[in-house]
Amino acid sequence: MASDQTRFLLPENEIPKQWYNIVPDLPTPPTPVLHPGTGQPVGPADLLPLFPMEIIKQEVSTDRWIDIPDPVRDAYRLFRPSPLIRARRLEKLLDTPAHIYYKYEGGSPSGSHKINTALPQAFYNKEEGTKRITTETGAGQWGTALSIACQMVGVECTVYMVKVSFAQKPHRRTLMEAFGAQVFASPTNLTNSGRKILADDPDSPGSLGIAISEAVEDAATHDDAKYALGSVLNHVLMHQTVIGQEALRQFDLAGEYPDEIYGCVGGGSNFAGLAFPFIRENLAGRTKTKIVACEPAACPTLTKGVYTFDFGDTVGNTPIVKMHTLGHNFIPPGIHAGGLRYHGAAPLLSQLVDGGHVQAVAYSQIETFEAALQFARSEGIMPAPEPAHALRGAINAALDAKAKGEKRVILIGVCGHGNFDMVAYEKYLSGELEDYAYPEEKIHQALETLPTMGLAARL
């Protein structure tokens with residue numbers, strides 16, 4: 001029986017003690033990560049210039065559960081467990097028989113889910129003697145989270161921020177700098193990667209792929225620095241599973257279980273963090289929850305990308321992974337969902353989409369912002385443009401339930417607030433926001449540059 005409560009809260013002692021690794025529960029093992037120079041599987045030694053050893057161990061681990069270090073779990077207490085909230089006012093607005101819940105990650109110090117992995121990555125780097133961490137950021141949520149985490153543990157932080165977001169979101173930049181980070185608009189003249197891009201296109205708006213190239217080069221060429229990634233890789237997705245583990249327990253308190261789950265996808269960390277613990281239940285045959293990944297039509301990685309091997313960055317500095325990709329040379333338009341503008345999707349998520357365990361759908365900017373304001377005006381929380389894509393999918397599902405007279409339980413991942421995204425909302429409210437569907441011909445052009453060295457037999 002469903003509870004009459006609206007907010008489902010857990011005490012601090014129920015913060016998960018372990019991260020969940022989905023790898024041993026997958027129907028087939030993940031495809032190996034390949035060296036960008038040789039096309040052969042990478043080993044720990046290949047990754048040491050970029051990551052601390054403990055992160056490398058987690059990246060390749062086949063253990064189902066990884067213990068969360070006590071200092072990291074203690075830091076989680078600042079904002080975890082996060083609430084599961086029944087969106088009763090949104091239900092009323094939509095006049096739907098569906099029960100709508102959202103897991104809210106916007107109450108963290110950085111305002112998003114990103115700090116769930118920033119804290120352990122900063123912690124492990126500090127433990128192994130790293131002096132400085134380099135990274136990229138799109139909309140700024142990841143850069144903000146890592147800036148805060150580095151300040152908390154005492155490590156320097158350098159952030160390469162996608163140039164279009166650097167201009168669109170100046171307050172994100174200020175927030176990162178307030179926590180001691182150095183922030184550069186990417187592409188820059190500080191790296192070979194950036195200089196190469198600017199030589200080809202002096203007005204390049206940047207991309208996450210370009211920013212990754214710069215951050216990776218910076219770390220690889222300085223002995224006292226390491227690199228941290230905010231999405232895509234296995235260890236990042238695993239760190240985020242504190243979200244879904246808490247949600248499972250909170251649904252026990254609510255007396256219900258989700259029939260459908262909606263999360264936004266850029267690289268895939270927020271989506272995986274919420275969905276992977278529920279996908280585990282599906283894979284074990286205990287449940288049949290519908291899992292839906294929501295992305296922007298302007299960056300349709302899962303819906304129009306190819307599932308194949310590609311570089312994680314634009315220049316080709318990173319290992320090659322099998323994932324849904326639009327091509328590493330993909331330059332996205334300047335849509336306001338800056339965290340969803342990556343050319344690829346996490347290999348683990350891509351594998352689940354390819355296997356039919358996760359569905360993918362793409363939405364345009366205008367319909368997405370419409371859903372965001374429906375949520376804001378009913379629930380009192382201004383969502384970031386990124387989770388507004390998940391809200392669009394969930395609202396469509398709730399309206400479908402209304403049309404069919406069906407009672408459904410719907411879960412949404414609201415992975416961060418939109419308090420720094422007022423320029424985007426201003427443009428929507430003034431009618432200046434435009435829809436943009438990425439042209440098929442540009443996708444085909446980007447895919448023509450996929451890496452080929454020795455990979456034909458692996459495809």
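On average over all directions, what projected area in square nanometres does segment 396-447 have, based on the convex hull of its Cα atoms? Don't jump to the answer; show the numbers that get you there.
On the way: hull surface 28.6 nm².
For segment 396-447, the mean projected area of the Cα convex hull comes to 7.1 nm².
Among Lys103/Lys304; Lys114/Lys163; Lys169/Lys427; Lys57/Lys322; Lys17/Lys126; Lys103/Lys322, which pairs are too far apart, with a Cα-Cα distance over 23 Å?
Over 23 Å Cα-Cα: Lys103/Lys304; Lys103/Lys322.
Please list 58-69, 117-128 highest first by mean number of surrounding beta-carbon atoms within 10 Å per residue.
Packing order, densest peptide first, comes out as 117-128, 58-69.
Sum -39500 (n - 2.57) across every DSSP H segment of at least 4 residues in the chain, then divide by the residue count to get the 222 nm mean residue ellipticity, nearest 500.
Per the formula, -11500 deg cm²/dmol.
Sort the following peptides by mean Cβ neighbour count (other Cβ atoms within 10 Å, averaged over residues), highest first: 167-179, 6-18.
Averaged packing, sorted descending, gives the order 167-179, 6-18.
So how many Å³ per residue does the convex hull of the Cα atoms of segment 293-391 work out to?
Residue-normalised Cα hull volume stands at 97 Å³.
Ranked from highest to lowest mean number of other Cβ atoms within 10 Å per residue, what is the order of the peptides 355-366, 433-444?
Result, highest mean first: 355-366, 433-444.
Pull out a ≥ b ≥ c, the square roots of the eigenvalues of the alpha-carbon gyration tensor of segment 153-208, then state rounded if a/c is under 1.5, prolate if not and a/b is larger than b/c, and oblate in the remaining case. Provide the component values of the computation, followed by the final result.
Details: a/c = 3.55, a/b = 1.62, b/c = 2.19.
Since a/c reaches 1.5 but b/c is at least a/b, the shape of segment 153-208 is classed as oblate.
Return the whole-Å distance between the Cα centroid of segment 153-196 and the Cα centroid of segment 339-378.
A separation of 25 Å, based on Cα centres.
Taking the Cα centre of the chain as origin and charging only Cβ (+1 Lys, Arg; -1 Asp, Glu), how large is the dipole, in debye to the nearest 20?
820 debye
Pull out the extension gain between Ala2 and Glu128, defined as 0.36 nm times the separation in residues minus the alpha carbon to alpha carbon distance; nm, one decimal.
Extra length available between Ala2 and Glu128 comes to 40.6 nm.
So what's the chain giving for Cα Rg divided by 2.2 N^0.38 Å, two decimals?
Relative to the rule-of-thumb radius for its length, the chain sits at 0.90.
Once you have all Cα-Cα distances for segment 1-72, histogram them in 10 Å bins from zero and send the whole-percent values.
Pair shares across the bins are 14, 31, 28, 16, 8, 3.
Let's test the formula: R0 of 35 Å, r as the Cβ-Cβ distance of Glu281 and Leu198. What FRET efficiency results, to the nearest 0.05?
Efficiency, rounded to the nearest 0.05: 0.15.
Each value in this text was obtained by applying a stated rule to the coordinates, not by laboratory testing. Worth saying up front: this structure is predicted, and the values here are computed from it rather than measured. Because the Cβ atoms are built from the backbone with ideal geometry, glycine has one as well, and the counts that use them run over all protein chains shown.
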